[in-house]
Amino acid sequence: MGRYISSNEAIWHILSFPIHERDPAVEHLAIHLENGQRVYFTEENVLQRAFEAPKTTLTEFLHCVKNLMFLANSRRHWCIFKAKTLGRLYTVHPKQRECFYLRLLLVNVPGPTSFEFLRTVNGRVFNTYQDACRELQLLEDDNHWDLTLADAALTSTPNNIRQLFAIILTTCYPSQAQTLWEKYKNCMTEDILHRIRQTNQSQNIDYTPEMYNEALVLIEDLCVLISNLPLNHYGMPSPNRPATDLVNTDLQRENQYDHGSLATIIMNSEPLLTAEQKIIYDRIMLAVAAEQGGFFFFLDAPGGTGKTFLISLILAKIRSQQKIALAVASSGIAATLLDGGRTAHSTFKLPLDVHNKPDAMCNIKKNSGIAAVLRKSSIIIWDECTMAHKYSLEALNRTMQDLNSNNKLFGGAILLLSGDFRQTLPVIPRSTFADEINACLKQSFLWRSVETLGLTINMRVQLQNDPSAQIFSEQLLHIGNGKIELQLNTQCIKLPDNFCTVVQDKNELIQSIFPDIQNNYLNHEWLSQRAILAAKNVDVDEINFQIQQLLAGDLMSFKSIDTVVDENESVNFPIEFLNSLDIPGMPPHNLRLKIGSPIILLRNLNPPQLCNGTRLVIKKITGNFLEATILAGKFKGKVVLLPRISMIPSDSTIPFKRLQFPIRLAFAMSINKSQGQTMSICGLDLENPCFSHGQLYVACSRVGKPSNLFVLAKDRLTKNIVHRLVLN
């Protein structure tokens, strides 16, 4: 086969003109060990090469740094000033161990002057680059968990250390788990020893195998709660306990509610029911009393109509009758508002990528504790269900039928869904509007069997006794139903004049929501009742960083350890590239924090206490764990420890793992993350408008009256996406 060359191209070749060019040019830095560069001998240079190694881009780079010709203006990649030239490093396979760790140090250590400089950490020169990387905590190994527990043992309570250890076991899978237990078992058993000494009025009692066994039982209970797996699954010794005790842990949790407190809730709440709420309450209780099963309800409840109040009363009433009422929610924030609430994903063990699995099943074994709970549940209540994918509901239906060996709807169980289809729909990566609508619960074949119950009276308005709140409630419904007229030229709506306070820029928005934050941020009640919402994560991150700069104290930086799942892909996805990825639902590579900053949890660590979406405030920062206080919900005020954990994004096209604290700052949060939370003051950044169904409605309905809503929107114009097919 020949190739035709035109006369123009032929002349271009003959005259040796450049055929192509790269702009800017890319200069690669060679990666080799000290005196490990390639040497090429000729007859002329034999003696010279014998006494002097040849220069490479790496040796010249180190020489330039030493002579102050380098400016460490970026820690991501090396940079020698040269016009229109980019500097990059050659990739190295992890099997070339020392070269791989040398490259890792070049990426993370600014301004190196020599190979020895790279091996020096805190004044100590290490023999290998791997040891230097380990000292800088650039590698994931059991030493990291050892240091984490060592830090916790100095200042934390035994109960918190046990919870921390259980989280490490279930999320990080240390290879030497039993070694960690043997080293820190006294710290985890100290409260048990203290209790026995107090009981026996003797301070001479020392640790015994029975005390250690009791601590192991408590740790195993936590592991079963988090992952539904016993201790021996993680390479730990199994505690001595009755054979049926472990299986019944979930059942025990659902039966441990204080009946005195439940009776008080019922006595105080039942007289407060409105006529509308009373009809729904009686309908649900009648279905539960019938014990026939197969009932499928949907409680349609816009914000402020008393949905959480009604659900809490139903839960209390059923539990007071020695029956099991299981409470779950699609969002972590909504789950924390329900007594015993957990996220649907953690309770039902739904696949993380359920949107790709139309025939999915819940990962629940028939002989597991949660299976026993589901079989014996008198009712299952699923709040904020409109955020769930229809495949999640169908997976629960198939699982319940399998567990109960019953082909009735949901295996004969009673299911109560609650939510508002004016709010956000399931989040599907890279989806179209058609994908969102198709994923909605109303598109499921199960929906034709639902019995809809509705709340329409806005109790929040009645309690406030404020005329502006009534108008605000009606305006919210107009937004949610898509009834505000669109501007023909912009396809935007114009926010009503009496709907909110419009601000001119982000600084004014921040000052309106967080006034005098330098003095108020230590007040957790004040902090928990306010936040700024934005549609896109890039705006959320910018606002969070700007507000955190206003706080007193030092800014601490924590860098993640990023690795590809398949080691052979390391040459295609270098570490600095993985560091640059900022994926929704994952913490950033460079996490910068201050004491007193509010944070939001990104994973289910210890439900129902630590759910995805739980808001906390940082109390103490160490190199290996964070001590934080829960800001809202049933566990408000409780102090917890948060370790770094390994996370693999479920919707990334690049399979990689990130070891980082599973949190983000929460002065501001995305609109989707805020669903289910009520605030006293709310700010809304609409410089980048809403792009999905129900986002504007969700954001504005976090507060109950217009004086508490501050919006950044030019000329009061913004987009309002409403899929009418979902509402009909």
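The values are calculated or read from the model by the stated rules, or taken from the named source; none is laboratory data. Note that this is a predicted model, so its numbers are computed, not measured. Positions of Cβ are backbone-derived with ideal geometry, glycine not excepted, and every protein chain shown enters the neighbour counts. Areas reflect the complete protein model, heavy atoms only, side chains present, ligands, DNA and RNA absent. Shrake-Rupley method; radii C 1.70, N 1.55, O 1.52, S 1.80 Å.
For segment 641-679, how many residues meet the condition of being basic (K, R) and either open to solvent by less than 10 Å² (accessible area, probe 1.4 Å) or in contact with a Cys (Cβ under 7 Å, 6 or more places away or on another chain) (or both)?
1
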Please return the ranges of helices (runs of 4 or more DSSP H) entirely within segment 312-381 where 1 or more residues are closer than 21 Å to T678 by Cα. 332-336, 344-348
Failed item in (1) touching a strand residue (DSSP E or B) at 6+ places or on another chain (Cβ under 9 Å); (2) open to solvent by less than 20 Å² (accessible area, probe 1.4 Å), with K376 passing the rest: (2)
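Conditions tested, residue by residue: (1) in contact with a Ser or Thr (Cβ under 6 Å, 6 or more places away or on another chain); (2) open to solvent by 50 Å² or more (accessible area, probe 1.4 Å); (3) farther than 19 Å from I663 by Cα.
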| residue | (1), (2), (3) |
| --- | --- |
| Q491 | no, yes, yes |
| S512 | no, no, yes |
| L522 | no, yes, yes |
| A535 | no, no, no |
| L550 | no, yes, yes |
| D566 | no, yes, yes |
| E569 | no, yes, yes |
| N579 | no, no, no |
With the structure loaded, tell me whether L337 is open to solvent by 30 Å² or more (accessible area, probe 1.4 Å) and either in contact (Cβ under 8 Å) with a residue 12 or more places away in the chain or of a type in the set (F, W, Y) (or both) or whether it fails that test. yes
Subset of segment 195-234, residues in contact with a Phe, Trp or Tyr (Cβ under 8 Å, 6 or more places away or on another chain) and hydroxyl-bearing (S, T, Y), comes to Y234
Among the listed residues S674, S707, S646, S670, identify the single one that is among the small types (G, A, S) and closer than 18 Å to P302 by Cα. S674
Of the residues in segment 154-182, those that are under 21 Å from L659 (Cβ atoms) and open to solvent by 30 Å² or more (accessible area, probe 1.4 Å) number 4
With the condition being under 16 Å from F499 (Cα atoms), open to solvent by 60 Å² or more (accessible area, probe 1.4 Å) and not aliphatic (A, V, I, L, M), I'd like the helices (runs of 4 or more DSSP H) fully within segment 431-486 carrying at least 3 qualifying residues. 467-480
Is there a residue being touching a residue at least 60 places away in the same chain (Cβ under 8 Å) and closer than 19 Å to G369 by Cα anywhere in segment 169-189? yes
If we scan segment 693-711, do we find a residue that is basic (K, R), on the phi > 0 side of the Ramachandran plot and in contact (Cβ under 8 Å) with a residue 60 or more places away in the chain? no
Elements of type helices (runs of 4 or more DSSP H) contained in segment 210-292, each with 3 or more residues being open to solvent by less than 30 Å² (accessible area, probe 1.4 Å) and in contact (Cβ under 8 Å) with a residue 60 or more places away in the chain: 249-254, 275-290
Inside segment 582-633, can you point out the residues that are among the acidic types (D, E) and touching a Cys at 6+ places or on another chain (Cβ under 9 Å)? none
Lone unmet requirement of (1) open to solvent by 50 Å² or more (accessible area, probe 1.4 Å); (2) touching a Lys or Arg at 6+ places or on another chain (Cβ under 7 Å); (3) not charged (D, E, K, R) for N186: (2)
Residues of segment 649-671 being outside any strand (DSSP E or B), touching a Phe, Trp or Tyr at 6+ places or on another chain (Cβ under 9 Å) and modelled with pLDDT of 90 or more, which ones? F661, F667
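Residues checked against (1) among the charged types (D, E, K, R); (2) open to solvent by 10 Å² or more (accessible area, probe 1.4 Å); (3) in contact with a strand residue (DSSP E or B) (Cβ under 7 Å, 6 or more places away or on another chain):
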site: S597; (1), (2), (3): no, no, yes
site: L601; (1), (2), (3): no, no, yes
site: P608; (1), (2), (3): no, yes, yes
site: I618; (1), (2), (3): no, no, yes
site: I621; (1), (2), (3): no, yes, yes
site: E627; (1), (2), (3): yes, yes, yes
site: I630; (1), (2), (3): no, no, yes
site: K636; (1), (2), (3): yes, yes, yes
Name the one entry in D131, D142 that is in contact with a Pro (Cβ under 6 Å, 6 or more places away or on another chain), open to solvent by 30 Å² or more (accessible area, probe 1.4 Å) and closer than 30 Å to E34 by Cα. D142
Quick one: L147 ticks every box in (1) open to solvent by less than 60 Å² (accessible area, probe 1.4 Å); (2) assigned to a helix (DSSP H, G or I) except a single one, so which number is it? (1)
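Consider segment 14-38. How many of its residues are exposed (fewer than 11 other Cβ atoms within 10 Å of the Cβ) and free of Cβ contacts under 8 Å to residues at least 60 places away in the same chain? Explain how you work it out, then say what you get.
So the first thing to find is which residues in segment 14-38 are exposed (fewer than 11 other Cβ atoms within 10 Å of the Cβ), and the list is 14-24, 26, 35, 38.
Okay, now just the ones that are also free of Cβ contacts under 8 Å to residues at least 60 places away in the same chain, so 14-22, 35, 38.
Final tally of qualifying residues: 11.
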